[in-house]
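Coordinate-derived values only; no laboratory data. Keep in mind the model is a prediction, meaning the values are calculated, not measured. Cβ atoms come from the backbone with ideal geometry, glycine included; neighbour counts cover every protein chain shown.
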Amino acid sequence: MDRDKAVEVRGVSKSFGSYQALKSVSFDIGANEFFTMLGPSGCGKTTLLRMLAGFESPDSGAVLLNRREVTSIPPHKRRVNTVFQSYALFPHMTLEQNVAYGLENLGWERAKIRARTGEMLERVHMSAFASRKPAQLSGGQRQRVALARALAPEPEILLLDEPLSALDLKLRQAMRDELRNLQRDTGITFVFVTHDQEEALDMSDRIAVLGAGEVQQIGTPTQIYEEPVNRFVADFVGETNFLDVEVLEAQADRAVIRSALGTFEAPATKLMQKGPATLSLRPEKINLGDQAAGVITLDAKVISQNYMGGFTHYTLEAGGVTLRASRRNASRQGDLVPSGEAITIGFLPASARVLAS
Amino acid sequence: MRRLTHNLPFWGLLPAWLLMGFALILPILIIAAVSLATRGSHGGFSWDFNLSGYSQILFNEGWSGELEFTPQYLLIIGRTYLLAGLTTLICLVFALPVAWYISRQSPGMRALLVYLVTLPFWVSMILRVYAWMIILGKDGPLPRFLENFGLAPGTSFMFNDGATLVAMVYTCMPLMVLPIYASIEKLDLTLIEASHDLHGNRLTTFRRVILPLTAPGIISGAILVFVPSLGAVLEPVLMGGGKQMMMGSLIQLQFGGGRNWPFGAAIAMVLMGLVMLLLIFTALRAARRQAGMEATA
Ligand SMILES: Nc1ncnc2c1ncn2[C@@H]1O[C@H](COP(=O)(O)OP(=O)(O)OP(=O)(O)O)[C@@H](O)[C@H]1O
Ligand SMILES: [Mg+2]
């Protein structure tokens, strides 16, 4: 990547008491990137973000912002601002005062502060509420003000800790687009934390999947979803079927495997060894009935189905294993296959992935 | 039955009304009446209403009945306010960091520390003041200790305003720590982080975030310390030696040895009036702030 590096995290470890929250984490974030840290609860996302903000310091390792080591620089001297998960708006100040707070601390001129504050509130459609107090706002409105407040001082890096998790579904969807646009318009590096994989896939340039205090994989959304490097990533991001298989022959990034679904060649993680392994096959890659085109086809039996509106999730039995498959409900009627019915399934081996078990 | 439930607010509040009436309002009315009465020639008083109790605060009655201005009691009132104010200020300066420290501990530790703060209340006040008399007095632990650093042997720190202040600060401290602790504990710590995040240094964060958000606790603490300090009797008498009087001792003296009940009652009314003014002022300020917040809604 020939972008400038906005953030470099180098071998950072952090323990709380005897609990190791981060185990030698390393990654870079490019300037102007929308970078997401994705992982289950307690995997150390907030801890990492707090290190970038300066509220936490690593036990070992180093954090660089714009190529400068910042470990000893206090939060108020970093050109980094945070959108807190709880918004943390100052309850005794009006929205205007909240947004102006950072600018006043930076010693901006009065006139410039007024202009910038107005501009930021306008940007998040909150101008009409400028003289209200945070208590008089809805969750979504507070979220916007928190965003305006953090963006006002023109940070080099904006940190967002699960900013959408307190919003309802519709609002969350709208805010995703708004955030994404804001990032494109401002060109500020966004470091976004979430445990919602859909959010991460939707918004990010690159995603770091964190698990158990370690970086499991870093890549574009497609890489993370289609080419997971291990079982943890395949399991955490999206839904998948895991099958026990045996690797008969391994090449650089492909492997010939024997499985309950047949013997075939499929993409594999690097350095695959002969012997037992895991096959990941995502539900939407399995085609059903008349849609069942593919190199591998099998007879299966429907065990149960969950109607989801746009899709139906089927639980099937094929070749002695249980599989989850999903099918788009393309027409209004006749799509649903009843339980107990036999059905043909098919998939392309290229859409499956062999992982070390 | 129907009437009883209909009048439930009345019956339910009856105990409160009785308590207020007999323990608060009635005594105040009696004191107010006494302050307007006339001093009897052999102690006691007679119900001849006049303002002589009040005029004695400012004027001395000469042999021939002419009134002569005397600042004596005004000075006592002034001193009382000064000492009470100093007590409040010193308590505040100490209580803020103590309350802050307690609020940063684990929940178990917090409970223990709050208990320790209130611990002096479990011992009789007289005993506590006597303890200070021993500590500060001649050959007490503190002078003895300071003799190592060149203090003249036999020095006593007792019987002056400083000693009075020490005891008043000591007895009032929990009343300041507890309300401030309560408001700091409610303070959302991410607000402090947000302030630092928005380029606020420690001073700015204290001035613009911590102070405004803990102001209610600081104000209640200040009232809880200032008001009883105005009426303090024990500390000025025992620690200050009683040479320089404060209002509390002055009132006590008039009801006791001085045998001038109307005058004592008049001073008590003045003291109470000034305290009421202070409370009304703070209440008005709070109401205005509340109104200000609602007006923006
Ligand atoms: N100040 C602290 N003291 C003790 N343990 C802590 C502290 N901060 C974090 N931890 C622990 O470190 C681990 C990582 O915490 P962190 O808050 O970074 O998780 P997270 O990935 O943000 O989780 P979530 O999605 O629930 O917010 C957790 O197990 C947490 O209990
Ligand atoms: Mg978190």
For this session: Taking the dipole about the Cα centre of the protein assembly as shown, with the C-beta of Lys and Arg at +1 and of Asp and Glu at -1, give me whichever of A:PRO276, A:PHE35, B:TYR73 is farthest to the positive side.
Result: B:TYR73
For this session: Work out how far the C-alpha atoms of the range B:154-225 reach from end to end along every principal axis, then list the three figures in whole Å, largest first.
Result: 56, 24, 14
Seminar exercise, completed: Using alpha carbon centers only, the range A:1-77 is separated from the range B:52-125 by a whole-angstrom value of 52 Å
Problem set entry | Point-charge dipole on Cβ atoms (K/R +1, D/E -1) for chain A, about Cα centre, debye to 20 | 980 debye
For this session: Compute the relative contact order of the range A:1-150 as a whole-number percentage, counting only Cα pairs closer than 8 Å that sit 6 or more residues apart in sequence.
Result: 20 percent
Seminar exercise, completed: Plugging the Cβ-Cβ distance of B:PHE10 and A:SER86 into 1/(1 + (r/R0)^6) at R0 = 45 Å yields, to the nearest 0.05, a FRET efficiency of 0.50
Exercise. Can you give the convex hull volume of the alpha carbon atoms of the range A:131-225 per residue, in Å³?
Worked result: 123 Å³
Exercise. Under a Cβ-Cβ cut-off of 15 Å, what is the net charge of the residues other than B:SER229 that fall near it, where Lys and Arg count +1 and Asp and Glu count -1?
Worked result: -1
Exercise. Taking Cα pairs under 8 Å and at least six residues apart, what relative contact order does the range B:38-179 come out at, in percent?
Worked result: 21 percent
Problem set entry | Distance-filtered residues of the range B:165-196 - backbone nitrogen under 18 Å, label point 7 angstrom along B:GLN244 Cα→Cβ | B:165-170
For this session: Could you point to the residue in B:GLY137, B:PHE49, A:ILE224 farthest towards the positive end of the protein assembly as shown's charge dipole, with +1 and -1 charges on the Cβ of Lys/Arg and Asp/Glu respectively?
Result: B:PHE49
Exercise. Taking Rh as the Kirkwood radius computed over C-alpha pairs, what is the Stokes-Einstein D of the range A:239-356 at 10 °C in a medium of viscosity 1.306 mPa s, expressed in µm² per second?
Worked result: 109 µm²/s
Seminar exercise, completed: For the range A:52-195, whose charge dipole is built from +1 on Lys and Arg Cβ atoms and -1 on Asp and Glu Cβ atoms, the candidate among A:ALA88, A:LEU137, A:PRO75 with its Cα farthest towards the positive end is A:LEU137
Seminar exercise, completed: Contact order relative to length for the range A:70-139, counting C-alpha pairs under 8 Å separated by 6 or more residues, stands in percent at 41 percent
Seminar exercise, completed: Percent of all Cα-Cα pairs per 5 Å bin for chain B, counting from 0 up to the last occupied bin, reads 1, 5, 8, 10, 12, 13, 13, 11, 10, 7, 5, 3, 1, 1, 0, 0, 0
For this session: Compute the separation of the alpha-carbon centres of the range A:216-251 and the range A:92-109 and state it in Å as a whole number.
Result: 47 Å
Seminar exercise, completed: Of all DSSP beta bridges having both residues in the range A:5-226, the percent classed as antiparallel (nearest 5) is 55 percent
Seminar exercise, completed: Over all Cα pairs of the range A:245-305, the Kirkwood radius sets Rh, and Rg/Rh then becomes 1.03
Problem set entry | Longest exposed-site-free window of chain A, the sites being trypsin sites (Lys or Arg not before Pro) in a DSSP loop that have at most 16 other C-beta atoms within 10 Å | A:80-269
Exercise. Which percent, to the nearest 5, of DSSP beta bridges fully inside the protein assembly as shown are antiparallel?
Worked result: 75 percent
For this session: Counting helices only, and only those DSSP H runs with n ≥ 4, report the 222 nm mean residue ellipticity of chain A as the sum of -39,500 (n - 2.57) divided by its residues, in deg cm²/dmol to the nearest 500.
Result: -7000 deg cm²/dmol
Seminar exercise, completed: Set A:LYS14/B:LYS186; A:LYS5/A:LYS77; A:LYS5/A:LYS45; A:LYS77/A:LYS112, cut-off 22 Å on Cα-Cα distance; pairs above it are A:LYS14/B:LYS186
For this session: List the aspartates and glutamates whose Cα lies under 14 Å from the Cα of B:LYS138, skipping any in the same chain that are fewer than 8 positions away.
Result: B:GLU147
Problem set entry | Rg in Å to one decimal, and Dmax rounded to a whole Å, for the protein assembly as shown via C-alpha atoms | 37.7, 127
Seminar exercise, completed: Computed for the protein assembly as shown: size of charge dipole around the Cα centre, +1 on C-beta of each Lys and Arg, -1 on C-beta of each Asp and Glu, debye to nearest 20, value 1260 debye
Exercise. How much space per residue, in cubic angstrom, does the convex hull of the C-alpha atoms of the range A:5-226 take up?
Worked result: 122 Å³
For this session: Run the dipole for the range A:239-356 about the Cα centre, Lys and Arg Cβ at +1, Asp and Glu Cβ at -1, nothing else charged, and hand back the magnitude in debye, nearest 20.
Result: 260 debye
For this session: Would you please report the Å³ per residue occupied by the convex hull of the alpha carbon atoms in the range A:193-299?
Result: 119 Å³
For this session: Report the percentage of all Cα-Cα pairs in the range B:134-186 whose separation exceeds 12 Å, rounded to a whole percent.
Result: 69 percent
Exercise. So if we plug the beta-carbon distance of B:ILE135 and B:LEU92 into 1/(1 + (r/R0)^6) with R0 = 25 Å, what FRET efficiency do we get, rounded to 0.05?
Worked result: 0.60
Exercise. How long is the range B:93-173 along each principal axis, judged by its Cα atoms, biggest number first, in Å?
Worked result: 46, 29, 19
Problem set entry | Loop-located chymotrypsin sites (Phe, Trp or Tyr not before Pro) in the range B:82-160, at most 10 other Cβ atoms within 10 Å (DSSP) | B:PHE149
